[in-house]
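Quick notes on the structure that follows.
The values are calculated or read from the model by the stated rules, or taken from the named source; none is laboratory data. Remember, predicted model here, so these are calculated numbers, not experimental data. Every residue, glycine among them, receives a Cβ derived from its backbone with ideal geometry; neighbour counts consider all protein chains shown. To get the accessible areas, we keep the full protein, side chains included, count just its heavy atoms, and leave off ligands, DNA and RNA. Shrake-Rupley method; radii C 1.70, N 1.55, O 1.52, S 1.80 Å.
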Amino acid sequence: MILTGGLKSLLPHLLRRLIRCNRLGISNTSGMGEGYKQANVVILHKSLADDFEKFCHANDGPLPLLYRSKPGDWKCPSLSSDSDIRTDCLQYRVYEHGACTGSLKSLQEYSEQLKDMVTFYLGCSFSFEKAVQNAGIPIRNVEQKCNVSMYKTAVPCYRVSTFCCNLVVTMRPIPESKLGAAVLATSEVKEAHGAPVHVGDPGQCFSIFTLPCCNFIILIFQYIAISTCFIGVFSPILGAPLAFTHSPGCMFITDLKNDNVTVRSSREVPQVHCISQDPLHYSIVSAEAAQKIKTLETLIGIDPGDRGIIHLLRQDELLKACLSISHARSVLITTGFPTHFAYEPPEENDGPPGALAIAAILQALEKEVAIVTDQRAMNLNKKIIEEAVQLGILKRPVPLLSYQRESADSALMFLCENGNPGRPRFDHLIAIERAGMAADGNYYNARKINIKHLVDPIDELFLAAQTIPGVTTTGVGDGGNELGMGKVKDAVKKHIKNGDVIACDVEADFTIVAGVSNWGGYAIACALYILRTCEVHDRYLRKAVGFPQLSKKMVWLSALPSVTKEEKLLKTLVQHRVRSGKTASLEMEVDGLPFYNTHSLMIEKLL
């Protein structure tokens, strides 16, 4: 019996020979044959082979296909020179009619049945361990000489014919400072499952369990297609009379080196960004897409009113906010700033167009979206939404809600089913040009006039969201007195006229500052489109299961704001502003800025 010392440096053909002779005192192949690819193994009847190959291609993250044998072929010449799949794995599992019936050291006794069976060799996460170590990142299971942690999830693979199962993932703790390097290293080896499909708290996406948050360690989940994954595949619904896989951790070691890393363009190089602290959650996006969104952020940061908003700008807030929204299932939007208090209704033109631009792209992305506004403004907003549908800006009406404080837990009851923080109705809240509560509890316009009597306490929803795990918030503003601007209140007090009085005191997780708030809404819509068409981000969203959704690109594109759409919507808004029974000025203004001189140009730049 040969023990583990020195096995890391042995060549694959020598390791296979030792395994074949049953002379290794190890329980798994992690860390063995450093620098060479290892493979998961699935052996099934030839009548199922074509459908299983389609299943692999439909789920190429968990099932990266390295080689498919011919029926009865025990060798794999493209992977190894002298192998025999009947003997060259440390241990095998046997499945009969969908159930695991035992483990074996060799499949030689099944040689007759194997003549009608096909072997699939699938990429394995053990293959990227050396690449990760070369990046200066410790691999805990290798250091501890044990198998990697593996977990069943509730995430279904893309079904093909009778092949269906839930994902099995590996969990690897990584120092936070090494996250970017770990994602980059693994993304370069697609044949070993590629980049992680979740970075952060495992309970959030996979419902496995929740671990205490740590300041410098986070968890990366990486697909692995091992035999436990195929308990679902070989279920009674499939009814395969006989099938085999390797036992967990007992991989087939190939002769292929892990040095065929592809040089990537910026479109493919991944970046990692934190989008939530509770629970801890990171997202992944390509460097190219991230740069495009940063350019949008720079564009909307122009200060046409020379109000000093340059001092409020926070780098990468648009990118992080939109990454968070991209992961959301259901989004709540609020808008409405009654700055024209002498009008009825008193709303300004800034806010609703941006809110509807966000709602339109969310609908196109098949997310749930609702709008909450002041009770007194419900009729106005209902008319605007109806006309937005008629104009083709929205695919369908957006549910319109109002909020009133009736008890201490009103906000929690509004945001969560039965007030249960574990069952939130919304994943993300967005406030755009929404009057925000100042430190003294009042609401002020830019001229320091108290408009509290016109504003419902929707701020309470944003305050309550801070107590609900998994719910994040974004505030969009252009003067510092808008809901969510509490994150930059010190800068508002110092640099914005009347800032010491009007500064909003309520924070959002992400603060998007724009020269005009509508610009922020348009930028969010464009950024969400950029993210959804980013292959790196798309893979992360769908957890490498199924196919890219780029066939829907034209639907998403048609939902983006345009000069024509916004002009029509602004006309609708202006026509609803009446003073003393007379229609207010029909000049196309937003925040006092002529539409054609500034806003149409901004939309064109963003697009």
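Data table
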| quantity | calculated |
| --- | --- |
| Residue (of Gly35, Ser326, Met485) at the positive-pole extreme of the chain, dipole from beta-carbon charges | Gly35 |
| Listed residue pairs exceeding 27 Å between alpha carbons, taken from Lys452/Lys487; Lys190/Lys395; Lys145/Lys543; Lys448/Lys487; Lys448/Lys605 | Lys190/Lys395; Lys145/Lys543; Lys448/Lys605 |
| Descending Cα extents along the principal axes, the stretch 389-460, whole Å | 38, 38, 19 |
| Antiparallel %, DSSP beta bridges [both residues in the stretch 270-581], to 5 | 35 percent |
| Candidate aspartates and glutamates - alpha carbon under 12 Å from Lys320, same-chain residues fewer than 8 apart omitted | Glu297, Asp509 |
| Ratio of Rg to Rh over the chain (Cα coordinates, Kirkwood Rh, two decimals) | 1.08 |
| Degrees between helix 352-364 axis and first principal axis of the chain (Cα, 0 to 90, nearest 10) | 20 degrees |
| Lys/Arg +1, Asp/Glu -1 at C-beta; the chain dipole; positive extreme among Ala360, Leu15, Thr474 | Leu15 |
| Å³ per residue enclosed by the Cα convex hull of the stretch 435-556 | 134 Å³ |
| Given charges at Cβ of Lys, Arg, Asp, Glu: the chain dipole, positive-most of Leu401, Ile275, His193 | His193 |
| For the stretch 15-164: rounded, prolate or oblate by the Cα gyration tensor [a/c cutoff 1.5] | oblate |
| Tail weight of P(r) past 31 Å, computed on alpha-carbon pairs of the stretch 270-581, percent | 24 percent |
| Beta bridges by DSSP in the chain, antiparallel share as percent, to the nearest 5 | 70 percent |
| Spatially proximal aspartates and glutamates relative to Lys70 (Cα-Cα < 17 Å; intrachain offsets below 8 disregarded) | Asp50, Asp51, Glu53, Asp82, Asp84, Glu112, Asp116 |
| Cα-only radius of gyration and Dmax that characterise the stretch 461-508, units Å | 11.3, 36 |
| Whole-number percent relative contact order across the chain, with pairs defined as alpha carbons under 8 Å at least 6 apart | 14 percent |
| Relative contact order of the stretch 313-437, pairs being alpha-carbon contacts under 8 Å that are 6 or more residues apart, as % | 34 percent |
| Square roots of 5 times each gyration tensor eigenvalue, C-alpha, the stretch 252-369, largest first, Å | 40, 19, 13 |
| The chain, accessible area per residue, ligands and nucleic acids excluded (1.4 Å, Å²) | 40 Å² |
| Rel. contact order, % - alpha carbon contacts under 8 angstrom, at least six apart, the stretch 270-581 | 25 percent |
| Within the chain: Cβ-based charge dipole about Cα centre, in debye rounded to nearest 20 (Lys, Arg +1; Asp, Glu -1) | 1280 debye |
| Filter on Lys105/Lys257; Lys54/Lys553; Lys152/Lys294; Lys493/Lys568 - keep pairs with C-alpha separation over 30 Å | Lys152/Lys294; Lys493/Lys568 |
| Estimated [θ] at 222 nm from DSSP helical runs (n ≥ 4, -39500 (n - 2.57)) normalised by residues in the chain, nearest 500 | -8000 deg cm²/dmol |
| Accessible-area composition of the chain, carbon plus sulfur, in percent [1.4 Å probe] | 51 percent |
